[in-house]
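Novice: Sharing a structure here in structure tokens format.
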Amino acid sequence: GAAAAAIAVAAAIPPTMAEADTPEAAAAAEFAENKIKTYLTQHGAWFVKYWAGTKFTKEGIPDILACIHGEFYAIEVKAPNGKPTVIQLVTLRKIRQAGGWGILLYPNDYDGFINHIKTGDNNWYYENIKLQDTWFAKLMA
């Protein structure tokens with residue numbers, strides 16, 4: 001079905017670590033990721049940074065897995081010009097379908113993400129899902 005096709009396409013996309021084509025873009029993604037981890041630490045959330053890219057790790061697992069206020073969050077952090085892979089988007093969708101929060105986070109999304117956590121306002125999150133769907137359609141075209 002569609003999931004098998006998505007996985008086949010994802011397997012053909014070469015993985016990259018920072019998925020940033022400049023040192024500045026990679027630094028921006030790392031800065032955003034560190035801001036997120038600092039915020040989570042300061043607010044009592046549990047999280048783990050998932051290190052991918054070895055034969056012992058599973059492809060598509062988001063960068064940060066967290067429990068925030070009793071809810072599961074999976075956050076894929078991208079550089080400003082970073083492109084998600086199909087398998088990353090499929091994984092985020094599966095997490096949402098299982099009841100978790102699957103987020104594709106660019107550095108300029110940080111404030112919206114924090115506002116979502118603080119206030120429970122889901123408007124930013126719904127826009128984030130639309131962004132993921134747009135990327136998925138573009139990558140599958």
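Novice: Where Lys and Arg each count +1 and Asp and Glu each count -1, what net charge lies around residue 86 among other residues with Cβ under 11 Å from its Cβ?
Specialist: So the surrounding residues net to +2.
Novice: Related question: Taking the Cα centre of the stretch 89-141 as origin, work out the dipole magnitude from +1 charges on Lys and Arg Cβ and -1 charges on Asp and Glu Cβ, in debye rounded to 20.
Specialist: Once rounded to the nearest 20, the dipole reads 260 debye.
Novice: On to the next question. Could the peptides 122-128, 27-33 be put in order, highest first, of the mean number of other beta-carbon atoms found within 10 Å of their residues?
Specialist: Highest mean packing first, the order is 27-33, 122-128.
Novice: Given points 7 Å out from each Cα along the Cα-Cβ axis, report the residue 72 to residue 41 separation in nanometres with one decimal.
Specialist: 2.6
Novice: Around residue 131, with a cut-off of 15 angstrom between Cβ atoms, what is the net charge of the other residues, counting Lys and Arg +1 and Asp and Glu -1?
Specialist: Net charge in that neighbourhood comes out at +2.
Novice: Scan around residue 47 for amide H atoms under 5 Å from its own, H built in the peptide plane at 1.01 Å from N, and keep only partners 5 or more places away or cross-chain.
Specialist: Distant-sequence amide H within range of residue 47: 67.
Novice: Arranged from highest to lowest average of other beta-carbon atoms within 10 Å per residue, in what order do the peptides 60-69, 39-48 appear?
Specialist: 60-69, 39-48
Novice: Classify the stretch 20-66: rounded, prolate or oblate, from the alpha-carbon gyration tensor (a ≥ b ≥ c, eigenvalue square roots; a/c under 1.5 rounded; otherwise prolate if a/b is larger than b/c)?
Specialist: The shape class here is oblate.
Novice: Next question. Beyond 28 Å, what share of the Cα-Cα pairs of the chain is found? Please give it as a whole percent.
Specialist: Looking at the chain, the distances longer than 28 Å represent 13 percent of pairs.
Novice: Can you compute the charge dipole magnitude of the chain about its Cα centre, using +1 on each Lys and Arg Cβ and -1 on each Asp and Glu Cβ, nothing else charged? Give it in debye, rounded to the nearest 20.
Specialist: 380
Bear in mind that the values in this text are calculations on the coordinates, not laboratory data. Source: prediction; values computed, not measured. Here the Cβ is made from the backbone with ideal geometry for all residues, glycine too, and neighbour counts use every protein chain on show.
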